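Visitor: This is the structure, below, for whatever I ask next.
The values are calculated or read from the model by the stated rules, or taken from the named source; none is laboratory data. Keep in mind that this is a model prediction, so the values were computed, not measured. With ideal geometry, Cβ positions are generated from the backbone for all residues, glycine too; neighbour counts draw on all protein chains shown.
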Amino acid sequence: MTANERDAPLPVVILISGGGSNLQAIIDATRAGRLPIEIRAVISNRPDAGGLARAERAGIPTHVLDHTRFEGREAFDRALAELIDHFQPALVVLAGFMRILTPEFVEHYRGRMLNIHPSLLPDFQGLDTHRRALEAGAREHGASVHFVTPELDGGPVVVRAVVPVLEDDTPERLAARVLEQEHRIYPEAIGLFAQGRLKLEGDTALLDGEPIPQRSRQFP
Ligand code: GRF
C-alpha cells in the first residue's frame, strides 16, 4: 500500500430502500470529518425512497435500480453488482436495503459488505424485530452492525448497541430509541473498517486481529 492509498478516503457505495436516516448519519459523520470515506454513490431499489433526496442534497450521485423491472432475483442482483462495481467501492454499506440477496452477490462482496439490523443478533433475525422483542419479553434489545454472509442477518456482528426495554414500551417507542443508536454505531463500524481495523476471516470478524465476541441466541 502506498502512502497515498493509505491516506485516501475509503470509496464506499451505499444501498437503501427507504427513508435513509442511517444514510444521513453516515453523510453527517463524513462531513464532520469523523469518517474517512468517500460516498461514491447511493443506490435505491425503490424509486420513491426518501433517502435519495438526502443523498442529492449532499451532492452524492444517486441511482435507482427498480427490482420490479427485473425477471427474478438473479437478474436484479447481477445488474446491481454491475452498477456497484462501476464505482469500485472498497466497502458496500446496506443501510435499510430491504432485499434478500443471492448467494452469488453476497459472495462477490464477502468481507467488504456491512449491514445494520435492528436487534441484538442472533436474536430476532428478519422483520418486525421490535414487536417480536417485546412479545418475547426481552429485557434488552438493540442494533447490530454485521458483515454480510449468505445467512440472512446471520453474519458476524462487528459493533452492537444495547437498549434497555422499558415497562411501558411500544414497538414504535422502542424502535425510535434503537434507531438513535443505529445512527451512532453505523458510522463507528464503517470508521473501523476504513481504518483497516476490521476484517472478516472465514466466518470470523476480527478487530485489530482479535475475534470479536458474539452473543449466544437467547430467544428461539
Ligand atoms: C433501520 O432500522 C435498519 O436497521 C433497518 O431498516 C431501517 C432503515 O431505516 N434495516 P433508515 O432507512 O436508515 O431510516
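Visitor: If you scan segment 147-166, which residues turn out to be in a strand (DSSP E or B) and within 16 Å of Ile190 (Cα to Cα)?
Guide: Correct list: Phe147, Val157, Val158, Val159, Arg160, Ala161.
Visitor: For Val159, indicate whether it is buried (at least 22 other Cβ atoms within 10 Å of the Cβ), over 22 Å from Gln218 (Cβ atoms) and either in contact with an Asp or Glu (Cβ under 8 Å, 6 or more places away or on another chain) or of a type in the set (Val, Ile, Thr) (or both).
Guide: When the stated conditions are applied, Val159 does not pass them.
Visitor: Might you check whether a residue that is away from the ligand (no atom under 16 Å from the Cβ) and among the basic types (Lys, Arg) occurs anywhere in segment 96-117?
Guide: yes
Visitor: Given the options Arg99, Arg31, name the one that is among the basic types (Lys, Arg), more than 25 Å from Asp128 (Cβ to Cβ) and either at pLDDT below 95 or surrounded by fewer than 19 Cβ atoms within 10 Å (Cβ to Cβ) (or both).
Guide: Answer to the check: Arg31.
Visitor: Right, something else. Of the conditions (1) within 15 Å of Leu15 (Cβ to Cβ); (2) touching a residue at least 60 places away in the same chain (Cβ under 8 Å); (3) within 16 Å of the ligand (Cβ to nearest atom); (4) in a loop (DSSP other than H, G, I, E, B), Ile60 satisfies every one except a single condition; which number is it?
Guide: Against the list (1) within 15 Å of Leu15 (Cβ to Cβ); (2) touching a residue at least 60 places away in the same chain (Cβ under 8 Å); (3) within 16 Å of the ligand (Cβ to nearest atom); (4) in a loop (DSSP other than H, G, I, E, B), Ile60 comes up short only on (2).
Visitor: Oh, and also: Scan Ala81, Ala55, Ala25, Ala95 and give me the residue that is out of contact with any strand residue (DSSP E or B) (no Cβ under 8 Å at 6 or more places or on another chain) and closer than 20 Å to Glu180 by Cα.
Guide: Only one candidate passes the filter, namely Ala25.
Visitor: Working only within segment 118-145, note down all residues that are surrounded by 15 or more Cβ atoms within 10 Å (Cβ to Cβ), on the phi > 0 side of the Ramachandran plot and either in a loop (DSSP other than H, G, I, E, B) or more than 14 Å from the ligand (Cβ to nearest atom) (or both).
Guide: Listed by number, the list holds a single entry, Phe124.
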